[in-house]
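Data first, discussion second: the structure below is written as structure tokens.
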Amino acid sequence: MQQFFYEHFGISQELLNYAILPLLIFLARIGDVSIATIRIIFVMSGKKVIAPILGFFESLIWLLAIGQIFNNIDNVWSYIAYASGYATGTFVGMYIEEKLAIGRVVVRIITKLPAQELISFFNENGFRYSSLDGHGNAGKVNVIFTVIKREDLKAMITNIKLYNPNAFYTIEGVKKVSDEDLVTDSSRGIGFRWRSMKRK
């Protein structure tokens, strides 16, 4: 590799070993770790086709990066670039995954205040939910469960705070929803539609 860069680009071995090679390793690690993070999300979401494809490119990039490490085993900058790329790739992967907002989540809402306004909001926007009475440390509470697209999560939290500012809620990823393709239509039978959560 050193000979190739020297012959075609006139790059010295010192510049290659202490600048270009660590940079390439750094970028490769960002690539494979970012892909790994996204692949895990696809696996958790049950994407059986996309996840293996991402796994192939993840492994290929990793092999290229680790191969350069072994070829330059005495170059400390390669190790620093490898570790730095891993850390940066983790951040980049999380950022991409957040922007993709893949899959669905179950939202559990617990509130001491009457939840009728929030339930009315769910009904008006076509969201399925389950509501039950519970008992906590401070007495009786209302518990509501609903499943939504991850892309709608921020809007959901906004509306929870709007109708029940002091409500306690938890969020958990869902791998599959059994009837997610059903549509609300009285002429077609029972079902539901996922709608945007804008307050009317």
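Against the numbered list (1) modelled with pLDDT of 85 or more; (2) within 24 Å of Ile40 (Cα to Cα); (3) basic (Lys, Arg), Arg104 comes up short only at (1). Counting only strands (runs of 3 or more DSSP E) that fall entirely inside segment 63-169 and contain at least 3 residues that are under 28 Å from Arg39 (Cα atoms) and touching a Ser or Thr at 6+ places or on another chain (Cβ under 9 Å), the qualifying elements are 104-111.
Quick grid of which residues meet (1) in contact with a strand residue (DSSP E or B) (Cβ under 9 Å, 6 or more places away or on another chain); (2) assigned by TED's automatic domain parsing to the domain that holds Arg39; (3) within 30 Å of Ile20 (Cβ to Cβ):
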| position | (1), (2), (3) |
| --- | --- |
| Ile69 | no, yes, yes |
| Met94 | no, yes, yes |
| Ile109 | yes, no, no |
| Ile119 | yes, no, no |
| Gly134 | yes, no, no |
| Ala138 | no, no, no |
| Ile144 | yes, no, no |
| Ile157 | yes, no, no |
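Listed by first and then second residue, the pairs with beta-carbon distance under 8 Å, at least 6 apart or on different chains, first residue in segment 133-156 and free of Cβ contacts under 8 Å to residues at least 24 places away in the same chain, second among the aliphatic types (A, V, I, L, M), are Asp133/Val141; Asp133/Val143; His135/Val141. Among the conditions (1) among the aromatic types (Phe, Trp, Tyr); (2) buried (at least 18 other Cβ atoms within 10 Å of the Cβ); (3) in the same structural domain as Asn166 (by TED's automatic domain parsing), the only one that Tyr82 does not satisfy is (3).
Of the residues making up segment 152-200, those that are among the acidic types (Asp, Glu) and modelled with pLDDT of 80 or more are Asp152, Glu172.
Scanning segment 5-53 for residues that are among the hydroxyl-bearing types (Ser, Thr, Tyr) and assigned to a helix (DSSP H, G or I), we see that the one that is modelled with the highest pLDDT is Ser34. Pro114 fulfils the conditions (1) over 25 Å from the mean Cα position of the chain (by Cα); (2) farther than 30 Å from Val141 by Cα except for a single criterion, (2).
The values are calculated or read from the model by the stated rules, or taken from the named source; none is laboratory data. These figures come from a predicted structure and were not determined experimentally. All Cβ positions, glycine included, derive from the backbone under ideal geometry; neighbour counts span all protein chains shown.
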